[in-house]
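Structure record follows, encoded as structure tokens.
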Number of protein chains: 2
Amino acid sequence: MAHVASAEEKIRSFPERCHQAGLKVTQQRREIYALLAGSQAHPCPEEIYEQIRDALPSLSLATVYKIVDQFHRHGLLRKVPTRSQVARYDARTEEHHHLVCTTCDGIEDVMLPPLPPRLTRLPDDIDFHAQSYELVFHGVCSACRATQRAQG
Amino acid sequence: MAHVASAEEKIRSFPERCHQAGLKVTQQRREIYALLAGSQAHPCPEEIYEQIRDALPSLSLATVYKIVDQFHRHGLLRKVPTRSQVARYDARTEEHHHLVCTTCDGIEDVMLPPLPPRLTRLPDDIDFHAQSYELVFHGVCSACRATQRAQG
DNA sequence: TTAGATGCAAATCTTTTGCAGTGCG
DNA sequence: CGCACTGCAAAAGATTTGCATCTAA
């Protein structure tokens, strides 16, 4: 499965990407990165913390916040723009887009063919240097629609 | 200027849109809606509160939260997806996109020609009912680039 | 008249900070 | 060995809730 192979590659190249960024490779960082690289769920810091506690009981939530923030600032993680007040992280840094469920706040990745540059070029009267863009879809995910049907 | 005229129309039709939504028209709601309709700044609840206090000193911050949430749930406001933990609101409900400054967290609106439906159609293997989408650009705004140049 | 709205204060939830101790390089 | 990293606890920031009072319809 393409996704799993890609996650393994990311985990394998993680130490050298830390070195390039001037970050030390600690167990906390390895665990957090591996969790995110292997997940489709775009977890928030609290969820990351809960899921890694089993493997690393000494982990603290403040450390999770510090690590994901560092990773984000060094380009190892993306932060997904959402309408909710909790931060959501994604280890896929290549171009892709997001589906956000308005019912459960779940986030899914979606690959789309690249948009032609002329369609994402900003108007001449806008003085803004865009470094990246993404599409954010809002709607209802499969699981929530099933629940809605079951409950009438 | 097209924007101003549009804001006036929105403010004029505000009472009937409240009635349709089953909401009473109060002074707090009028002030909050008028502020947002006349603003380009996508303010957060705290900023809305500060700016309306002058005209309505009895206003409470909790009320601002309740009102913008109601407006959002009834489609009178959009909530802009961002990477930060504070909610940002927009009275423009027609299709448009957002420029988010990674330096100052400022948000600007941008109109782009509509994307051809074939480019935003989700792949067949994705079971998600999208109701809307928007483009979110991340980059650096004009004011922050000027500051950066001045400071070296 | 009355259901819904507001204001206040307290509670809750999320994120950040300061600092002492630890461990990677 | 030294500097960056971690964990803890406390602080700060954002949002929600409960309830008494008020007000638009």
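At q = 0.08, 0.09, 0.16, 0.18 Å⁻¹, what log₁₀ I(q)/I(0) does chain A have when each alpha carbon counts as one equal point scatterer in the Debye sum?
Debye intensities relative to I(0), on a log10 scale: -0.28, -0.36, -1.01, -1.18.
Tell me, what is the Rg over Rh of the stretch B:80-138, with Rh the Kirkwood radius over Cα pairs?
Here Rg/Rh amounts to 1.01.
Across peptide A:93-99, how many C-beta atoms of other chains are within 10 Å of each residue C-beta, on average?
Across A:93-99, the average partner-chain Cβ count within 10 Å equals 2.
Working out 0.36 nm times the residue gap between B:Val86 and B:Arg73, then minus their Cα-Cα distance, what length gain in nm do you get to one decimal? Could the numbers behind the result be given before it?
Numbers: separation 13, 0.36 × 13 = 4.68 nm, distance 1.74 nm.
Contour length minus the Cα-Cα distance gives 2.9 nm.
I need the peptides B:140-150, A:136-146 ranked by packing, meaning the mean over residues of other C-beta atoms within 10 angstrom, with the highest value on top.
Working: B:140-150: 13.8, A:136-146: 17.6.
Per-residue mean Cβ counts within 10 Å order the peptides as A:136-146, B:140-150.
Which order do peptides A:106-119, A:78-91 fall in by mean Cβ count within 10 Å, highest first?
Put in order of decreasing packing, that is A:78-91, A:106-119.
Please express the shape of the stretch B:7-74 as an equivalent ellipsoid: the semi-axes are the square roots of 5 times the eigenvalues of the C-alpha gyration tensor, given largest first in whole angstrom. Please list the in-between numbers first.
On the way: eigenvalues 65, 37, 25 Å².
Three semi-axes, in Å: 18, 14, 11.
7 Å along Cα→Cβ for the label point: how many nanometres lie between A:Pro113 and each equivalent label in the other copies, listed shortest first?
Here A:Pro113 shows inter-copy label distances of 1.7 nm.
Given just the C-alpha atoms of the stretch B:33-103, how large is their convex hull per residue in cubic angstrom? Mind dumping the intermediate values first?
Values: hull volume 6.9 nm³, N = 71.
Cα convex hull per residue, to the nearest whole number: 98 Å³.
Based on DSSP, what percent of beta bridges with both residues in the stretch A:66-138 are antiparallel, to the nearest 5? Don't jump to the answer; show the numbers that get you there.
Details: 6 of 9 bridges.
In the stretch A:66-138, DSSP labels about 65 percent of beta bridges as antiparallel.
For the residue pair B:Glu16 and B:Asp124, what label-to-label distance in nm results when each label sits 7 Å from Cα along the Cα-to-beta-carbon direction?
Label-label distance for B:Glu16 and B:Asp124, simple model: 4.6 nm.
For every helix of n ≥ 4 consecutive DSSP H residues, a contribution of -39,500 (n - 2.57) applies; sum these over chain B, divide by its total residues, and give [θ] at 222 nm rounded to the nearest 500 deg cm²/dmol. Mind dumping the intermediate values first?
Working: 7 runs with 65 residues, N = 152.
Value at 222 nm, helices only: -12000 deg cm²/dmol.
Relative contact order, percent, of chain B when contacts are C-alpha pairs under 8 Å separated by at least 6 residues?
Details: 150 pairs, mean separation 26.9, N = 152.
Averaging sequence separation for qualifying contacts and normalising by length gives 18 percent for chain B.
Test of understanding: in a Gaussian network model of chain A with alpha carbons linked when under 10 Å, which of A:Thr63, A:Thr120, A:Thr93 would top the mean-square fluctuation ranking?
For chain A, modelled as a Gaussian network with Cα springs under 10 Å, the answer is A:Thr120.
Just to confirm the numbers: A:Ser84, label point 7 angstrom along the Cα-Cβ line, distances to the other copies in nm, shortest first?
Result for A:Ser84, in nm, nearest copy first: 2.1.
Among A:Tyr133, A:His97, A:Ala146, whose Cα projects farthest towards the positive end of the dipole of the stretch A:92-151, with charges put on the beta-carbon of Lys, Arg (+1) and Asp, Glu (-1)?
Farthest along the dipole direction, towards plus: A:Ala146.
So if R0 is 35 Å, what FRET efficiency would A:Arg149 and A:Glu95 give, r being the distance between their Cβ atoms, rounded to the nearest 0.05?
Working: r = 34 Å, r/R0 = 0.97.
FRET efficiency, A:Arg149 to A:Glu95: 0.55.
Looking at chain B only, what percent of DSSP beta bridges run antiparallel? Nearest 5 please.
Working: 6 of 10 bridges.
Within chain B, antiparallel bridges account for around 60 percent of the total.
Shielding by partners for B:112-122, please: the mean number of other protein chain Cβ atoms within 10 Å of each residue's Cβ.
Numbers: counts 5, 4, 1, 5, 3, 0, 1, 7, 5, 2, 7.
Shielding by partners across B:112-122 averages 4.
What's the Cα-based Rg to Rh of the protein assembly as shown, Rh via Kirkwood?
When Rh is taken as the Kirkwood radius, the ratio is 0.99.
I'd like the mean, over residues of B:6-16, of how many other protein chain beta carbons sit within 10 Å of each residue's own Cβ.
Working: counts 0, 0, 0, 0, 0, 0, 0, 0, 0, 0, 0.
For peptide B:6-16, the averaged partner shielding equals 0.
A short reminder: the numbers here are calculations on the coordinates, not readings from a lab. Values in this document were obtained by computation on a predicted structure and should not be read as measured data. Here the Cβ is made from the backbone with ideal geometry for all residues, glycine too, and neighbour counts use every protein chain on show.
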